[in-house]
1. Counting other beta carbons within 10 Å of each Cβ, put Met171, Met68, Met51 in order, fewest first.
2. Which of the peptides 131-141, 8-18 is most tightly packed, and how do the rest follow, judged by the mean count of other Cβ atoms within 10 Å per residue?
3. What percent of all Cα-Cα pairs in segment 10-56 falls into each 5 Å bin, going from 0 up to the bin containing the maximum distance?
4. In which sequence would Leu192, Leu108 go, from the one with the fewest C-beta neighbours within 10 Å to the one with the most?
5. For segment 1-87, which GluC sites (Glu not before Pro) are both in a DSSP coil and crowded by at most 16 other Cβ atoms within 10 Å?
6. DSSP loop (so not H, G, I, E, B), at most 11 other Cβ within 10 Å: list which chymotrypsin sites (Phe, Trp or Tyr not before Pro) in segment 37-131 pass both filters.
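Each value in this text was obtained by applying a stated rule to the coordinates, not by laboratory testing. Not measured: the values here are computed from a predicted model. Here the Cβ positions follow ideal geometry from the backbone for every residue, glycine too, while neighbour counts run over all protein chains shown.
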Amino acid sequence: MQKISDLYIQNIKSLPIWVKQVITKEIFDDLNKKLEEFNELADIDSLFQYMRPKVTFKGKQELQEKSMALSGGYYVFLQDLIDDNDIFEITIKNNWTLADSARIFCRLYELEFLSIPDYGTSKTVSVAMFIAGKLKTGEFLKRINKISTIQLEQAIRYQKELNDEGRHIKMASILIKLGFITDKGLDSLLLLKDEAKKRLPLNIGFASVKLQNPEEEAGHIERLQRELARLENENTIMKKRLKKLLNIND
């Protein structure tokens, strides 16, 4: 069956080229504006969404035996990777947020159930850890080379001095005060994290999908609608389990 993420993309590709030209410009301008000081996070060659982690022997064994009795979402994630899906497809297919997928990925990676492709490993994993809440702002900025180790240590010392005085200020505000990042840079980071918590609605994006064989279209769309309904029912239960286990907030 055709991947759900492919259907979304196919829907856009089916538009006239003169429309795609405008959409491309508008999206490019929007990304540049919102990630003005972090354009490298929009590098398509190292996006977390494109990553296809490999399931290790240890991971395959756990998928088969389920000896750790993990929440169902972990096993769905492992099976989807074995079926050669990337993070983007897994997230859409299961009606998760990108933050959900990042949390599951980080946990499975910690358990050595996954191995990472060579490309963009450090930055890509750091982004996943950041949106999963596993990395604090200062450490994330250091890992993507936006601040140095010395600058982070300076900010930590300054924060400790303020804490000793009874003034509790977040690290991001301290980094701005010290001139290591700007307000716009902080806004970009907050946007990256907040947007990762949003779920892509399953009931949009298929209106203009056309198959190569028109005779198959009606049946295919009907099957797709049944599949989406099934996923929505399954995910009502799955999301509750994930929230309970991983402390996921809407």
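1. Lowest count first: Met68, Met171, Met51.
2. 131-141, 8-18
3. Taking every Cα pair in segment 10-56, the percentages come to 5, 17, 16, 19, 19, 14, 6, 3, 1, 0.
4. Leu192, Leu108
5. Within segment 1-87, the qualifying GluC sites (Glu not before Pro) (loop, at most 16 other Cβ atoms within 10 Å) are Glu36, Glu37.
6. Those satisfying the criteria are Tyr119.
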